[in-house]
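Participant: One structure, as structure tokens, below. Some questions next.
No value in this document is a laboratory result; all are computed from the given coordinates. Since the structure is predicted, the reported quantities are computational estimates derived from the model, not experimental observations. Glycine also receives a Cβ, built like all others from the backbone with ideal geometry; neighbour counts cover every protein chain displayed.
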Amino acid sequence: MNTCLICKKKVENTFSEKWQSSWGKLFSVEKSNLLYALIVMNGVDACICEDCYKENRWRDICNIDAPELHYQFALEYRDKGLYGDALAALNSIDVSSRGADIWAAFGYIYGKMGKKEMELYSYEEALKKDPLHANSIENIETIKKEVN
């Protein structure tokens, strides 16, 4: 169980998902019906609940990594199929702070929304940040096969 760093709300893990890494390792990820993000602050995991995120109460904490918080919430929204909320979270990240993983998240979400041009653009932007970003390379190849 986690506790929101700001409002002290308890975030109980309510179910477990089985995930597989790209190299084949299986692991279990604890999930909750309550949306939250775990970010590292001063070398320690910190939990921020969705209410504190949406109400910008996290901004009072000066050493919080804002791009990482937005990215983590974007992933949470993506996993729940809340693509509009996921895009809003990603768009909160300054363009200069967007790395390959953030651009790839844009690509995935645009793909789910049926916006193929924006999906391809986002994966290409990811490759500009990291030319070896495996997920982006694979997804660009898949998009190009679908078009041909």
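Participant: Applying 1/(1 + (r/R0)^6) with R0 = 25 Å to the Cβ-Cβ distance of residue 10 and residue 65, what FRET efficiency is obtained, to the nearest 0.05?
Facilitator: With a Förster radius of 25 Å, E is 0.60.
Participant: With a 10 Å Cβ neighbour count serving as the proxy for reagent exposure, in which order, fewest first, do 137, 48 appear?
Facilitator: The most exposed by this proxy come first: 137, 48.
Participant: Here is a follow-up. Quick one: Debye curve from the C-alpha atoms of segment 66-148, no solvent, what's log10 I(q)/I(0) at q = 0.13, 0.16, 0.26 Å⁻¹?
Facilitator: -0.36, -0.54, -1.27
Participant: Before anything else, pin down the relative contact order of the chain: Cα pairs under 8 Å, at least 6 apart, normalised by residue count, whole percent.
Facilitator: Reported as a whole number, the value is 13 percent.
Participant: Take the eigenvalues of the Cα gyration tensor for the chain, scale each by 5, and report the square roots as semi-axes in whole Å, largest first.
Facilitator: 28, 18, 14
Participant: Using Cα-Cα distances under 8 Å and only pairs 6 or more residues apart, what relative contact order does segment 69-148 have, in percent?
Facilitator: Relative contact order for segment 69-148 comes out at 23 percent.
Participant: Taking 26 Å as the cut-off for C-alpha to C-alpha distance, list the pairs among 115/144; 8/54; 25/144 that go past it.
Facilitator: 25/144
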